[in-house]
1. For a quick check of your reading of the model, give me the residue pairs whose first member lies in the range 20-32 and is among the polar types (S, T, N, Q), whose second is surrounded by 14 or more Cβ atoms within 10 Å (Cβ to Cβ), with beta-carbon atoms closer than 7 Å and at least 6 apart or on different chains.
2. Could you say whether any residue in the range 372-384 is closer than 27 Å to residue 40 by Cβ, crowded, with 20+ Cβ neighbours inside 10 Å, away from ligand 1 (no atom under 15 Å from the Cβ) and not hydroxyl-bearing (Ser, Thr, Tyr)?
3. Which one is farthest from ligand 2 (Cβ to nearest atom), of the residues in the range 373-397 that are part of a loop (DSSP other than H, G, I, E, B) and farther than 15 Å from residue 50 by Cβ?
4. Which of the residues that make up the range 206-242 are of a type in the set (Gly, Ala, Ser) and open to solvent by less than 10 Å² (accessible area, probe 1.4 Å)?
5. Just one of the numbered conditions (1) farther than 25 Å from residue 449 by Cβ; (2) touching a Gly at 6+ places or on another chain (Cβ under 6 Å); (3) among the polar types (S, T, N, Q) is not true of residue 73; which one?
6. If we keep just the residues of the range 137-150 that are out of contact with any Asp or Glu (no Cβ under 7 Å at 6 or more places or on another chain) and not hydroxyl-bearing (Ser, Thr, Tyr), which is least open to solvent (accessible area, probe 1.4 Å)?
7. Residues being within 24 Å of residue 90 (Cβ to Cβ), within 16 Å of ligand 1 (Cβ to nearest atom) and not acidic (Asp, Glu): count how many of those fall in the range 18-73.
8. Of all residues in the range 175-205 being part of a loop (DSSP other than H, G, I, E, B) and not hydrophobic (A, V, I, L, M, F, W, C), which is surrounded by the most Cβ atoms within 10 Å (Cβ to Cβ)?
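The values are calculated or read from the model by the stated rules, or taken from the named source; none is laboratory data. As the structure is a prediction and not an experimental result, all values here were calculated from the model. Reconstructed Cβ throughout: ideal geometry from the backbone, glycine too, with neighbour counts over all protein chains shown. Ligands, DNA and RNA are stripped out before the accessible areas are found, and what is left, the full protein with its side chains, is counted by its heavy atoms. Shrake-Rupley method; radii C 1.70, N 1.55, O 1.52, S 1.80 Å.
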Amino acid sequence: MAKYYKYKTPADVVADSERLGCPIQVSDNFDVLYQPIQIGHLEAKSRLGIQPMEGCDGTADGFPDELTYRRYQRFGAGGASLIWGEATAIGPEARMNPRQLMINDKTASALETMLGGCRDAHKEAFGSDDGLVIGLQLTHSGRFSFEKPLVATRDQVLDPRTIDKSTGRPIDDSYPVLTDDDLKRIEDQYVTAAKLAESIGVGFVDIKQCHRYLLSELLAAKNRPGEYGGSLENRTRLVRNVVKRIREECPSLVIGTRMNGYDGIPYQGVGDDFVGAPCPHELPLQTAFGTDPNDHLKEDLTEPLEVAKLLKEWGVSMINISNGNPYANPHIVRPAEFPPTDGYHAPEHPLIGVARHFRIASQIQAAVPDIPVVGSGYSWLQDFAMHAAAANVEQGKISIVGMGRATLSQPEFAKQLKEEGKLKRKTVCRTFSYCTNLMRTKDHPLGQYPTGCPPFDKEVYDPLWKEAKAKLEEKQKPASE
Ligand SMILES: Cc1cc2nc3c(=O)[nH]c(=O)nc-3n(C[C@H](O)[C@H](O)[C@H](O)COP(=O)(O)O)c2cc1C
Ligand code: SF4
């Protein structure tokens, strides 16, 4: 039974947000969501977007597979105008899991087919693909690379939680940090990946700087010596160099970035009820971007606002704002009714997390009024996500609404809203977290379960979840059994 989400009307959401001291607004002017918007030289015909949502369903060598093609076709047919292709690794060592997509000479044409399938499905459903913008998120997983952690800096709280598979132990101060030369090579990899993306007709690339993957960790690396750490100028060197080079070498490519506005700090479950609590940490915090160094619960957007302005100056045409770290503080990234299997119970009401997303994205949008900012964290609002979305767009707090989990359960949300004036209740995401659970289940012949929505995309994902769950339960049995 839902513990937090008990709303019958949009007004109930507003009242609860006021009670919790994190006011959000709603509107039923959905027309505002169907206004076009310019993204660099591209135009999206509505304000409804699909966030990057990894399916973990590629092949071992980084090609899309059957379920990947299916997902993008469903996204295309669903009517959203901005489709933000998922995390795609710029090299094998940059992959977050063994089924993550990769972009290289071999996989490029398959990625072209995947994104082409998305476009064709949109054309078939709507008669044209005018106003459909499709991009690809280029990622280096850094500390969370599955082969071995590739860390940008020492982190007092994350290092003890980062396991080196070769020893089975957490990393410590003797574990190597990526050198400046390593980072220069990574810049080259990003540019090569962007050129390939341009060659297969991708509309925009996202130079990923969120969720504490490599470039996100770098933004916070105040304690890193050398050319890529310390000052904000150094911490933004990699992204600056990559953006400038892509502008010169891939003139037709629009450049976007998904960036954390606020990192916060790692949490862990404590006590019998396993409610999340901040991990022990020393003050002032040295490696948390957008976070008050003396109080991790408070955002300090001084640097994120400055970086947003700089990114625009260097040639970024769209910024997608997110927060947190999906492994260390998932309640910040995706406010949820139920925690994932590797998570803890929510340490705050999920509406507080939703409001944090809205508040931070709106401040970034105010700093860069000339380029669109995409907002995150809407799915927990279920049936009333579109009411909050309409209010945020109407008030200019963001330009585009990015829907995450809600699109796995209901990829046709944009079409549904336009045709019916509301979302179809039956398949609205309830933030049960089964999709995250599947993503966290590695006990599969390919080293990774594919993910989707078991409750509402039943035919495909329910059998997969049953299989994964049985394996999890088997593992959790006491050894004597
Ligand atoms: C299964 C799954 C896959 C995800 N994959 C990505 C990804 O590839 N890149 C990314 O930036 N975020 C990824 N996210 C985060 C989402 O894009 C989104 O920020 C998050 O779910 C919160 O938005 P929501 O409340 O609408 O779900 C993923 C989330 C889930 C649950
Ligand atoms: S499994 Fe489905 S309902 Fe649950 S959080 Fe994921 S998308 Fe939403």
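1. That search, which allows pairs on different chains as well, returns 25/14; 25/391; 27/387; 27/390; 27/391; 27/394; 29/390; 29/394.
2. Checked against the condition, which is being closer than 27 Å to residue 40 by Cβ, crowded, with 20+ Cβ neighbours inside 10 Å, away from ligand 1 (no atom under 15 Å from the Cβ) and not hydroxyl-bearing (Ser, Thr, Tyr), the range 372-384 yields at least one hit.
3. Step one: list which residues in the range 373-397 are part of a loop (DSSP other than H, G, I, E, B), which gives 376-378, 395-397.
Right, trim to farther than 15 Å from residue 50 by Cβ and you get 395-397.
Working: 395: 27, 396: 29, 397: 24 Å.
Checking each candidate, the answer is 396.
4. Of everything in the range 206-242, those that are of a type in the set (Gly, Ala, Ser) and open to solvent by less than 10 Å² (accessible area, probe 1.4 Å) turn out to be 216, 220, 221, 229.
5. Every listed condition holds for residue 73 apart from (1).
6. Applying the first criterion (out of contact with any Asp or Glu (no Cβ under 7 Å at 6 or more places or on another chain)) to the range 137-150 yields 139-141, 144, 146.
The next check asks that each one be not hydroxyl-bearing (Ser, Thr, Tyr); those that pass are 140, 144, 146.
Details: 140: 5, 144: 38, 146: 54 Å².
The qualifying residue least open to solvent (accessible area, probe 1.4 Å) is 140.
7. Residues flagged as within 24 Å of residue 90 (Cβ to Cβ), within 16 Å of ligand 1 (Cβ to nearest atom) and not acidic (Asp, Glu) within the range 18-73 amount to 14.
8. The initial filter retains those residues of the range 175-205 that are part of a loop (DSSP other than H, G, I, E, B), namely 175-176, 178-179, 200-203.
With the extra rule that they be not hydrophobic (A, V, I, L, M, F, W, C), the set shrinks to 175-176, 179, 201, 203.
Values: 175: 16, 176: 10, 179: 11, 201: 12, 203: 25.
Once the filter is applied, the top-ranked residue is 203.
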